[in-house]
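Working notes, structure below.
The values are calculated or read from the model by the stated rules, or taken from the named source; none is laboratory data. This one's a predicted model, so the numbers in the text were calculated from it and none came from an experiment. Every residue, glycine as well, gets a Cβ built from its backbone with ideal geometry; the counts of neighbours run over all protein chains shown.
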Amino acid sequence: MSKYNTENLGTEPVSRLLAGMSLQTTLALLLYSVYALTDTFFISRGVSAYAAGGVSLTMPVVMILGAVSTTMGTGAASIISRALGKDDKEKAAATAANTFLIFWLTALAFTVLGLLFLNPLLRLLGTDDILLPYAKGYLRIILLGAVTSTGFSALIRAEGNTRFSLYIWIFPVLINLIFDPVFIFCFGWGVEGAAAATVLAQSISAGMSVYYFFFSGRDTYKIQREHFRLKRTLIGEIISIGSPSLISQAGTSLIVTIINQILLRYGGAEAITAFGIVSRIQGFMVLPQNGIVQGMQPIVGYNFAARLYDRVKKTIRLSIAASAAYGILMLLAGILGASFLVSIFVSEPEILALGASILPLIALCFPFKGIPTIVSAVFQSEGKPFLSVSLLLFGLFAVQLPVMLLLAQQFSLTGIWMSFVISDALMCIISIFILIRSFLKTE
């Protein structure tokens with residue numbers, strides 16, 4: 001990655017820069033989502049729909065592990081972007097090295113604790129006798145491969161090198177797409193085969209990341225042995241800035257766990273399975289909104305550090321407009337194509353009918369869904385973790401959770417689906433209000 005390409009973050013026209021970076025990150029995310037969808041497809045068709053439901057119950061645990069890597073990655077990416085904006089390569093190198101070390105140590109601890117308390121954990125997540133064997137078989141292998149679960153593409157994007165950050169998504173996804181059906185259909189390994197293919201793909205991504213930072217000969221900044229000395233101040237800054245990602249994903253994990261408990265109470269394994277499959281479909285449909293956020297972050301971080309505030313504001317406006325427009329398109333697709341989309345993964349009539357009734361309600365969230373994430377990411381990129389954390393805490397615990405619990409009590413399963421729409425719409429309005437006030441302070 002050349003210095004010229006890094007400096008493009010402050011010189012290239014914003015619309016072209018945002019489109020290019022968002023397109024590449026969106027492609028990477030879509031590739032990952034294709035993996036998630038095909039994983040669900042192979043498990044559902046190769047084992048059973050209930051196996052896919054059991055695997056979906058493990059997602060809160062997987063999300064917590066992902067939250068750790070995202071916290072470290074987004075926090076470090078913000079610091080690296082601003083350090084490169086100030087031509088401080090030493091701080092960029094120390095930030096990357098400390099990020100690797102802390103994550104690897106945390107992942108090892110995660111593996112040990114997860115395996116020790118696996119059965120109680122799965123019961124807490126809402127498993128019943130039907131889903132427990134599938135969830136246990138899948139999660140055990142995922143925990144064993146926890147240390148490989150990220151390639152830190154955010155750190156690569158922080159340099160402006162979206163091309164290689166795309167590569168470390170493409171090749172692992174291709175590996176997973178090949179070995180998923182081999183392990184499930186040819187070897188007959190069931191959900192354990194799906195988990196093994198996932199860990200194998202993660203290992204490829206992690207290995208490519210190690211190559212990039214230590215052996216590729218790039219000249220953006222060099223990581224030396226001394227940079228791996230733990231620096232409390234730097235680690236605190238990384239975690240502080242990245243903590244909104246941790247809070248967001250941990251909070252989402254908590255809410256998903258609560259939802260699963262409610263689904264188990266009101267609808268049993270069928271409701272959990274249908275919701276798990278719809279969640280996969282939803283995740284695929286809205287991932288371009290996350291791609292916009294990730295493409296936006298390096299631009300905002302670099303230009304904020306360089307005091308190019310007009311470029312920051314233009315980037316944010318374009319990001320919001322693109323996210324909302326895309327959400328409207330996906331709303332129409334979710335309403336008109338619900339039965340077809342669910343039928344790709346499910347043949348059991350009861351689960352198919354339930355999933356087809358859930359997706360149109362969930363789709364109503366799509367126009368609003370990306371905007372609070374954009375606003376939170378802006379504060380992260382500008383090194384303002386308090387505002388980002390406050391916004392996410394308020395959204396999760398003062399809006400989404402109370403609305404969900406209230407509507408679930410009144411309308412059971414339908415109340416859960418509608419709570420997503422109401423809480424996302426409220427948070428969209430609140431986020432825009434906060435963003436406007438932030439804009440006024442930089443006039």
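A single member of Ser431, Ser357 is in contact (Cβ under 8 Å) with a residue 24 or more places away in the chain and either within 22 Å of Ala333 (Cα to Cα) or small (Gly, Ala, Ser) (or both), and it is Ser431. Per the listing Leu108, Leu113, Leu122, the residue uniquely surrounded by fewer than 19 Cβ atoms within 10 Å (Cβ to Cβ), of a type outside the set (Phe, Trp, Tyr) and touching a residue at least 24 places away in the same chain (Cβ under 8 Å) is Leu108. Looking across region 390-429, the residues that are under 13 Å from Ile371 (Cα atoms) and within 22 Å of the chain's Cα centre (by Cα) come down to Leu391, Leu392, Gly395, Ser423, Asp424, Ala425, Leu426, Met427, Cys428.
Considering region 371-414, and only residues there that are surrounded by fewer than 19 Cβ atoms within 10 Å (Cβ to Cβ) and outside any helix (DSSP H, G or I), the residue that is modelled with the lowest pLDDT turns out to be Gly383. With respect to Ala363, is the statement that it is surrounded by 21 or more Cβ atoms within 10 Å (Cβ to Cβ), within 23 Å of the chain's Cα centre (by Cα), over 30 Å from Gly236 (Cβ atoms) and not β-branched (Val, Ile, Thr) true? Taking the combined requirement at face value, the residue satisfies it. Of all residues in region 130-169, those being crowded, with 22+ Cβ neighbours inside 10 Å, modelled with pLDDT of 90 or more and hydrophobic (A, V, I, L, M, F, W, C) number 6. Filtering region 316-336 for residues that are at pLDDT 85 or above, within 28 Å of Thr40 (Cα to Cα) and of a type in the set (D, E, K, R) leaves an empty set. The set of residues in region 10-49 being of a type in the set (Val, Ile, Thr), surrounded by fewer than 18 Cβ atoms within 10 Å (Cβ to Cβ) and over 24 Å from the mean Cα position of the chain (by Cα) consists of Thr11 alone.
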